[in-house]
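*Asks:* Got a structure here, written out as structure tokens. Questions coming.
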């Protein structure tokens, strides 16, 4: 069955669902928020060290992607979705959006919205699920996106199309068309889609490096619903133009805004008063902290957008190569504290602890072992994981780093070349080859498993 046919079947079989009033939408949103809050709260406070989660308020804030929560599955026939085309060194398309011509009036916002809204789309994520023993396609979630090239390239967030087996784009006219995923980068949360359609209008891109705190901005997207609430416009200012925020253990620099963004706004544009895109709306903070009784304290007006200059850099690589090449040495690490050092019987109390080493990766070939503590890189002392990540991020694949490590109280040096992180399998690791003091086994799996153990994330 062709996609248009099963889409019609889906719509005809779900009129009752789509005809729910505002209360039904509210319940859906609140349910999604409450579930996310309870799950992330455990992650933030029981598993992750301070180095892994940058709180909005000291030791508290929770930040979430703003894709629409997953609705109750509704089965529709299997469309046999077409696989995304393989990377073939495609040429980067012309980013041919034109800034709108605005009349010299006191309020340019209506004219900006009229000019740019035809280029803002809804993005629907479909996955295959089993219903009654039959494989059926169901809506997994939805978000927003915007057209950057008349040739059909569309930008959105990677988490909007995560695990998608079919993706459609909903145009402002109501027309829904299939889209191919050209590439998606989880690190920056950027995805590139491609549609085949005539008469597409691209948005003009601004320069996010020139954005100033206090600038007025507009956000356009599809909060909660790709159809009934499509092309919702909100208004605010830039609250910060270079805010480092960690979401799902990934740290990026964002534009912070108080323009209202909600679930479903993910991937939509943040615009200046010239009608130019300066960012991609990606996340919001919904919990600022907790009161004395442990009840969550809600936060308002704290949203985050990826700077468009960063998004374009990622987009170009995804279009050309299908992936982002990043330098890495092939280890999982976290910041060493005095408490962890005492627990593991280490002779050093500061540095970056190597939890595991990727099998046959650069670090492994250089002789690094799980249990080593990196104390200096290229002669520069380091005490935090973020320092190591920053140094590696400034290098290129093929560069060499000189590491000074502490192993069982003995310091030694080794040279490690930087490989391609994408090519490394962080599931295949080498066990701990040294035995810390007071440890009954050299196997890393025997490390303490209490709730205070740091959350380990593949890093450099």
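Computed from the coordinates by the stated procedures, all read-outs in this text should not be read as laboratory data. Just so it is clear, the model here is predicted, and its values are computed rather than measured. For neighbour counting, all protein chains shown are included, and Cβ atoms are generated from backbone atoms with ideal geometry for every residue, glycine included.
*Asks:* Counting other beta carbons within 10 Å of each Cβ, put 136, 412, 315 in order, fewest first.
*Replies:* 412, 136, 315
*Asks:* Which of rounded, prolate or oblate describes region 173-218 when judged by the alpha-carbon gyration tensor and an a/c cut-off of 1.5?
*Replies:* Values: a/c = 2.78, a/b = 1.53, b/c = 1.82.
The shape class here is oblate.
*Asks:* Between residue 295 and residue 237, what's the calculated FRET efficiency when r is the beta-carbon distance and R0 is 41 Å? Round to 0.05.
*Replies:* On the way: r = 30 Å, r/R0 = 0.73.
Once rounded, the FRET efficiency stands at 0.85.
*Asks:* Per 0.36 nm of contour for each residue apart, how much would the distance between residue 350 and residue 96 grow if the chain were fully extended, relative to their Cα-Cα spacing?
*Replies:* That works out to 86.3 nm of additional length.
*Asks:* How would region 127-251 be classified by its alpha-carbon gyration tensor: rounded, prolate or oblate, with rounded meaning a/c under 1.5 and the a/b versus b/c comparison settling the rest?
*Replies:* Prolate is the answer for region 127-251, as a/c is 1.5 or above and a/b outweighs b/c.
*Asks:* If the convex hull of the alpha-carbon atoms of region 304-406 is projected onto planes in all directions, what is the mean projected area in square nanometres?
*Replies:* Mean projected area for region 304-406: 8.5 nm², to one decimal.
*Asks:* Which order do 142, 130 fall in if you start with the one that has the fewest other Cβ atoms within 10 Å?
*Replies:* 130, 142
*Asks:* Report, in whole Å, the centroid distance computed from the Cα atoms of region 299-332 and region 186-216.
*Replies:* Region 299-332 and region 186-216 have Cα centres spaced 13 Å from each other.
*Asks:* Shifting gears a bit: Could you calculate the contour length gain from residue 106 to residue 414, that is, 0.36 nm times the residue separation minus the distance between their Cα atoms, to one decimal place in nm?
*Replies:* Value of the extension gain: 104.5 nm.
*Asks:* For region 183-288, what mean projected area does the convex hull of the alpha carbons give, in nm²?
*Replies:* 7.8
*Asks:* What order do you get for 137, 170, 280 when you list them from fewest to most C-beta neighbours inside 10 Å?
*Replies:* Fewest to most other Cβ atoms nearby, the residues stand as 170, 137, 280.
*Asks:* Suppose R0 equals 41 Å. What FRET efficiency, 1/(1 + (r/R0)^6) with r the Cβ-Cβ distance, do residue 198 and residue 425 give to the nearest 0.05?
*Replies:* Using R0 = 41 Å, I get an efficiency of 0.45.
*Asks:* Could you tell me whether region 339-389 comes out rounded, prolate or oblate from its Cα gyration tensor? Rule is a ≥ b ≥ c as square roots of the eigenvalues, rounded for a/c under 1.5, then prolate if a/b exceeds b/c, otherwise oblate.
*Replies:* Here region 339-389 falls in the oblate category.
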